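Any read-out appearing in this document is the output of simple, stated calculations on the displayed coordinates, not a laboratory observation. Quick caveat, the model's predicted, so the values are computed rather than measured. Neighbour counts run over all protein chains shown; Cβ positions are idealised from the backbone, glycine included.
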Amino acid sequence: MGPEIWDDVQGQLPSYRHQSVDLGFRGVPITPVVQMPVVITHSLGLMWALHNIPRPWASLVAINGFTRFTTTLGFPGVAQDVLARMTSRLSENPHDMVGAFLQRCGIESPLLSGLDVAMLLNGLESLSEWDTRPQFKLLDCPILAISGASDPIVSVRHSCACFPASMHIIVEGGGHLLPLTHASLIASHVAETCTKLWKI
């Protein structure tokens, strides 16, 4: 996915100034330079932000996110061999692999033109190797995590291992693409987050 995943959410927040990150899976990578941002992430975007967006942050809204993707002792993530198979399939037939993954996420007719295989492989490597739990614990800002109860990529058990219940909302019936399927809900939580900041 690229910045277009946020179009519906942004369309419901016309008075808010925003900048979008592009990880370069289809286009030129873009990393905005911002100070004290309200950071809104999706999926891998949370770990990417913890690696790449300087602190302090004003607030964080993490959607379908995780602080570590792969399983380890006492942590219920995704098995490493799943990523190994995806890496192999991506190298051999990127369109088939990406198409199958996006369909699993809920996109019936995924856009498969212009894929940057090198950047996609880099993304899989990040999923495999990164563990941002220490950086996440050091965040000194309001945090809201929103997960889907029916997410086929990040299970509820996985999400709950990443986020304390006090900052975690689980959307019944929600999958892995909440910014697309529940844009009004996400926009409402973003607006509420920003309103609370303005009142401080």
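Computed values, structure above
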read-out	value
Qualifying residues in the range 13-31 (those that are farther than 17 Å from residue 191 by Cβ and touching a residue at least 60 places away in the same chain (Cβ under 8 Å)) - the one surrounded by the most Cβ atoms within 10 Å (Cβ to Cβ)	23
Number of the exception - residue 128 against (1) assigned to a loop (DSSP other than H, G, I, E, B); (2) in contact (Cβ under 8 Å) with a residue 12 or more places away in the chain; (3) more than 15 Å from residue 2 (Cα to Cα)	(1)
Residues (in a loop (DSSP other than H, G, I, E, B), among the aliphatic types (A, V, I, L, M) and over 19 Å from residue 133 (Cβ atoms)) located in the range 147-200	149, 177, 200
Qualifying residue in the range 172-187 (condition: more than 15 Å from residue 10 (Cβ to Cβ), of a type outside the set (D, E, K, R) and touching a helix residue (DSSP H, G or I) at 6+ places or on another chain (Cβ under 6 Å))	yes
Residues being small (Gly, Ala, Ser) and either buried (at least 18 other Cβ atoms within 10 Å of the Cβ) or at positive phi (or both) - total across the range 47-84	6
The range 136-172, residues that are over 15 Å from residue 68 (Cα atoms) and small (Gly, Ala, Ser)	148, 149, 150, 165, 166
Set 104, 68: member being within 12 Å of the chain's Cα centre (by Cα) and of a type in the set (D, E, K, R)	68
